[in-house]
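Right, I'll just put the structure down here and ask away after.
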């Protein structure tokens, strides 16, 4: 696979937006036209209140919605032209959304099955992906036998098995308890660094955004739009020390202030 | 673990069995104590005797009724699933056809049965058709609901990964529909038996294709009440077996993931 040109954004929104007709009394819902570039290796977090169009933005990035203004480009091209049948973009949905009737391994193999990859090759990739999230021992179990955190890890393994370049995550850890969430955040950072993944991550949590991102997009509602971009200085490793550092605290403070301004 | 399961099974059998013996004992005792004649209320022993005496005729009738029931159930499953598939294809088709599926369901088959018996010359076909009209609705309704009850997150995932229509059907729609489909089949199996018996009553067919309902009618005419009870007992037994088999199939197919949910 050719490495993407760093000068050309992996994902670009050119005045792209999508509004939904609400009742006349309601404020317009959805996402007003925005422009946004995401380069290879970025970890971009969308942070904002409910109704600010975060999920709409992610759905546009996943080509699950068509924009009603502007356009979205992947590797400078349209979704189909960019060879996305090759699974260069994948999604980790809000819930684990696993198939309860199949084993963990079969769930992780899903994108490869859809691609019609030969079984032996697929199984090797599944093993690798399960090892990355530390779940190789439960490969044969059904999802119902796992805890919420483990199920989410299976969902991440499924995304990794596809060998994506762009990972879209829609509040993946929102339903988990704080400890599990923190552990998974740390794992995510390491996974993305090691695999050279580009990630677009939606969250409600300021701490999560501060910990994970190279860039935080603070969004405002009514109509959904980008309020501010906040680059996070990538210096130093993202580990427990970072979480306890003054720098982390000051990032959280800045983001809190921006969110408050966005809500005004 | 197995001890617990075994214990639960024993409790599940011993309790109902005790109730059965108690009720049968009361029944027998009452019949003996007040010397109730068998043509008013036969004692369990009278029914047992009738069952033994008329075993050849009754088992033949049972076979006949079961054949109608199972044919109707089989056809309901096949045709019902096909109809559900057609309905789920698009909203216009569903909106246009669903009212007629409902009309079919709300029209009492007992009222339609005489018409079917007149229109369809082959008696067996007429019986199966009547039973099917009763049994097919749960299959249609449940399969339709099942085919629609897809996890929207998974549906998005399939779409993002550009799954073909066939892949989505085979890997997502059918497995998602399975639990509701099987529940529909279970309800349908009971209704197929009801339909078969009702159809036999209406058709009143004797001879080689005489079913249990015909035996009940005949016994009534002959005032052979114990035999009437014996036939009724066999219908109940058939219903219980159908319920057991469909529940077993359901548990076997779904047990791996439904039980632990």
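Readers should treat all values here as calculations from the given coordinates under stated rules, not as data from a laboratory. From a predicted model like this one, the values you see are computed outputs, not experimental measurements. Glycine also receives a Cβ, built like all others from the backbone with ideal geometry; neighbour counts cover every protein chain displayed.
Multiply the residue separation of residue B:85 and residue B:174 by 0.36 nm, subtract the distance between their alpha-carbon atoms, and state the gained length in nm to one decimal.
Full extension from residue B:85 to residue B:174 adds 31.0 nm.
Now, a different point. Which FRET efficiency value, to the nearest 0.05, is calculated for residue B:26 and residue B:165 with the Förster distance at 45 angstrom and r the Cβ-Cβ distance?
It comes out at approximately 0.15.
Kindly provide the helix-only [θ] at 222 nm of chain B, computed as the sum of -39,500 (n - 2.57) over DSSP H runs of four or more divided by all residues, to the nearest 500 deg cm²/dmol?
Calculated mean residue ellipticity at 222 nm is -28500 deg cm²/dmol.
Okay, next question. Give the Cα extents of region A:106-264 along the principal axes, in whole Å, largest first.
Projected onto the principal axes, the Cα atoms of region A:106-264 cover 53, 36, 29 Å.
Set the Förster distance to 56 Å, then compute FRET efficiency between residue A:249 and residue B:98 from the Cβ-Cβ distance, nearest 0.05.
About 0.40, to the nearest 0.05.
Please report the antiparallel percentage of the DSSP beta bridges confined to chain A, to the nearest 5.
Antiparallel bridges make up about 50 percent of those DSSP assigns within chain A.
What's the angle, to the nearest 10 degrees (0 to 90), between helix A:246-263's Cα axis and the longest principal axis of chain A?
60 degrees
Now for a separate question. State, to one decimal in nm², a quarter of the convex hull surface area for the C-alpha atoms of region B:45-258, i.e. the direction-averaged projected area.
Reported value for the Cα convex hull: 14.3 nm².
Considering every residue in A:95-104, what mean count of other chain Cβ atoms within 10 Å of its Cβ is obtained?
Mean inter-chain Cβ contacts per residue within 10 Å come to 5.
Can I ask one more? Give the average, rounded to an integer, of partner chain Cβ atoms located within 10 angstrom of each Cβ in B:167-177.
2
Quick check on packing: order B:11-22, B:113-124 by the mean number of other C-beta atoms within 10 Å, highest mean leading.
Descending mean neighbour count gives B:113-124, B:11-22.
So how tilted is helix A:148-161 from the main axis of chain A? Cα-based, degrees 0 to 90, rounded to 10.
Approximately 80 degrees, to the nearest 10.
For every helix of n ≥ 4 consecutive DSSP H residues, a contribution of -39,500 (n - 2.57) applies; sum these over chain A, divide by its total residues, and give [θ] at 222 nm rounded to the nearest 500 deg cm²/dmol.
That comes out to -11000 deg cm²/dmol.
Still on this structure, please answer the following. Tell me the label-point distance for the pair residue B:115, residue B:253, using the 7 Å Cα-to-Cβ offset, in nm and rounded to one decimal.
Each label point lies 7 Å from its Cα, and together they span 3.3 nm.
Quick one: of the DSSP bridges fully inside the protein assembly as shown, what percent are antiparallel, nearest 5?
So the antiparallel bridges in the protein assembly as shown amount to around 50 percent.
Please sort B:72-82, B:134-144, A:39-49, B:98-108 by packing, taking for each peptide the average over its residues of neighbouring beta carbons within 10 angstrom, highest first.
Ranking the peptides B:72-82, B:134-144, A:39-49, B:98-108 by packing returns B:134-144, A:39-49, B:72-82, B:98-108.
I've got another one for you. Computed over the Cα atoms of the protein assembly as shown, what is the convex hull's projected area averaged over all directions, in nm²?
34.5 nm²
Helix B:123-148 versus the longest principal axis of chain B: what is the Cα-based angle in degrees, 0 to 90, to the nearest 10?
It works out to around 40 degrees.
Further question: Quote the relative contact order of chain A in percent (integer), defining contacts as alpha-carbon pairs under 8 Å separated by 6+ residues.
Relative contact order, chain A: 25 percent.
Please give the average number of partner chain Cβ atoms lying within 10 Å of the Cβ of each residue in B:72-82, rounded to a whole number.
That works out to 0 on average.
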